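So the structure is just underneath, and the comments pick up after that.
Where a number appears in this text, it was derived from the coordinates with a stated rule and is not lab data. None of the values given here were measured: they were computed from a predicted structure. Cβ placement follows ideal geometry from the backbone for every residue including glycine, while neighbour counts extend to all protein chains displayed.
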Amino acid sequence: MVSLRFPFSFSQPPNPRHRSSNSFSAAATAFSVAAASGAAVAAAVAVSQNPINPFLQNAFNFFSNHSSPFWASLSIADNPSSVSESKTGVLFPSILNDSRQLLGTGLRKKSVLGLKNIDVYAFGVYADDGDLKRLLSEKYGKLSFSERKDLSKDLMEADICMTVRLQIVYSRLSIRSVRNAFEESVGSRLQKLGGSDNKELLHRFTSQFKDEYKIPKGSVIDLSRERGHVLRTTIDGKEVGNIQSQLLCRSILDLYIGEDPFDRRAKEEVELKLVSLLQK
Ligand code: DAO
Ligand code: DAO
């Protein structure tokens, strides 16, 4: 069992720049897990890019099914109490709300005036364990490896409880810039996926962000899709609103695991995790 200093620090994630001595082992473990999962991601990507290459497929199946030392080190990643996002070191609990498991982590960057790229937040994508098992066994149980495409698309569209947790790393975030960024990123997805004018829906969501809210570095925002496509937003554990809209839920998830995600590596991590759950 890996010992972490802040295994469940939900509201105050540790500042990655001030690692305690005790987190050295966590950092070392995170590094080896990241290195191992990087190799696994590479393997999975190679497999997905070469769906008919039997060597790659066999190699991937071998790693998936055998407890070789390589795979054994990955098993730490199966259930540590928390996982660190590789570029920021921000920690995410492996399990959220008792039943949502972490599928992958990533980083949202934003280019400012085309001059510099700032790191805005680290994120973790979670899905309900039971819902996930149901989807995977009903839909994919009987398919061969190469037929299992579009795993993340199904995840976005099915009525599966999910959470995307955002942990703010940028220290000068204003509500106004959140609203603007949101209108740009989510607005373009609403347009793409909904087709028609969705200004009212966008406005319903952004009007939840009251000017008096503060989102300093370390704030934790959960965007959760609850049963029946209800999008529930919490900031540091406090609910700020909920909106029932399949299109809005789908558009938010599209930012992280859609066709043009914020962090491609995070999406690959999610898909790899889904594949590994299918192998169990
Ligand atoms: O300081 O002007 C600036 C740059 C601000 C960039 C803000 C990007 C906001 C991204 C959305 C954050 C959602 C929590
Ligand atoms: O990164 O472009 C983006 C959009 C992310 C969604 C941000 C939702 C923020 C909701 C909370 C606002 C806090 C006042």
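Key figures
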read-out	value
Nitroxide proxy distance, nm - points 7 Å out along Cα→Cβ at Lys153 and Arg172	4.2
Charge dipole (debye, nearest 20) of region 82-278; +1 at Cβ of Lys and Arg, -1 at Cβ of Asp and Glu	460
At R0 = 25 Å, FRET efficiency that the Cβ-Cβ distance of Ser188 and Ser81 yields, to 0.05	0.10
For region 157-280, share of DSSP beta bridges that run antiparallel, in % to the nearest 5	100
Over 24 Å between alpha carbons, listed pairs Lys109/Lys267; Lys110/Lys273; Lys87/Lys116; Lys199/Lys238; Lys116/Lys192	Lys110/Lys273; Lys199/Lys238; Lys116/Lys192
Residue-wise HN-Hα coupling along region 87-92, computed from phi with Karplus coefficients 6.51, -1.76, 1.60 (Hz; x: Gly, Pro)	8, 10, x, 5, 8, 10
Only Lys, Arg (+1) and Asp, Glu (-1) charged, at Cβ; region 108-200 dipole about Cα centre in debye	500
Förster-model FRET efficiency, 35 Å R0, Glu239 and Gln279, C-beta, rounded to 0.05	0.45
Positive-end residue, region 82-278 charge dipole about Cα centroid, Cβ charges, pick of Leu202, Leu115, Gly258	Leu115
20 Å Cα-Cα reach of Lys214 towards aspartates and glutamates, excluding residues that sit fewer than 8 places from it in its own chain	Asp119, Glu183, Asp222, Asp236, Glu239
Label-to-label distance, nm, for residues given as Arg179 and Lys199 (7 Å Cα→Cβ offset)	1.5
